[in-house]
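The values are calculated or read from the model by the stated rules, or taken from the named source; none is laboratory data. Bear in mind the structure is a predicted one, so any value in this text is a computation, not a measurement. Cβ atoms come from the backbone with ideal geometry, glycine included; neighbour counts cover every protein chain shown. Accessible surface is based on the protein model in full, side chains and every heavy atom, while ligands, DNA and RNA are left aside. Shrake-Rupley method; radii C 1.70, N 1.55, O 1.52, S 1.80 Å.
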Amino acid sequence: MSDHPDRTAEREHMLETIGALFRLTARDTGVGAPPPDVIEALRRVPRHRFVPPGEQRLAYADMPLPIGQGQTISQPYMVALMTALLEVGSGARVLEIGTGCGYQTAVLAELVAQVYSLEVVKPLAEGAARRLAELGYGNVEVRHGDGYAGWPEQAPFDGIIVTAAAPRVPMTLVRQLKPGANLVIPVTRGPGQVLCVLCGKSNGGVNRRDVLPVAFVPMVRGQT
Ligand code: SAH
């Protein structure tokens, strides 16, 4: 990585911004500060490695950026918030829908035992798998496929995170949750979207909490 300048200071600044946004949104989210393990994970992931060459100067700005194929890398605050809302521990097996460049995947891989990630755009799935392997993430499996189907062979999961907005909560994904596990997903609401947390109950029911308004790319139906 000798061709990259040391970006530690920028990354620390990004973490401060994320902390400030958690404080501002605490009333809506119920999370007043990013959990220490989430902060540590964000500190360890080199976000500039997930950002295209033309956007390097903004790699640690707290904003989404274009990654090609009409897709984006999520805003760091949103990655931190969704990760916090998942409430997963170091032994967890997590499913992610919407790998994109793999940044959220890497943050999860720093935190949990195993990450399964589905991406509907083949070049993105291949690029992310290569990048994550180069960075040494051995506890990640990326597959090209349609997230609406989930990953039945590896279900049930300790948490499921969806990083594209769905018109409604896919019940297939709810059924792949362990009891007590959370599904964090942006859902279309009127002209906008709301971030939702669903928690599977042992009787098969679900609790749903709407957290705050968000803006994600739409979840599309794949042909796979
Ligand atoms: N997690 C990424 C953000 C990805 S943007 C990050 O850390 O920055 C959302 C991604 O969801 C896009 O790459 C898009 O191609 C993908 N996507 C959209 N619909 C999908 C579907 N049905 N199944 C899997 N991935 C999907």
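Being at pLDDT below 95, more than 18 Å from the chain's Cα centre (by Cα) and of a type outside the set (A, V, I, L, M, F, W, C) is not true of residue 66. Taking residue 155, is it open to solvent by less than 60 Å² (accessible area, probe 1.4 Å) and touching a strand residue (DSSP E or B) at 6+ places or on another chain (Cβ under 6 Å)? No, not satisfied.
Of the residues that make up region 194-201, is at least one part of a strand (DSSP E or B), under 14 Å from the mean Cα position of the chain (by Cα), among the hydrophobic types (A, V, I, L, M, F, W, C) and closer than 14 Å to residue 116 by Cβ? No, that holds for no residue.
Listed by position, the helices (runs of 4 or more DSSP H) inside region 58-145 whose residues that are open to solvent by 40 Å² or more (accessible area, probe 1.4 Å), of a type outside the set (Gly, Ala, Ser) and touching a residue at least 12 places away in the same chain (Cβ under 8 Å) number at least 2 are 122-134.
Exactly one residue among 179, 186 is within 15 Å of the ligand (Cβ to nearest atom), on the phi < 0 side of the Ramachandran plot and not charged (D, E, K, R), and that residue is 186.
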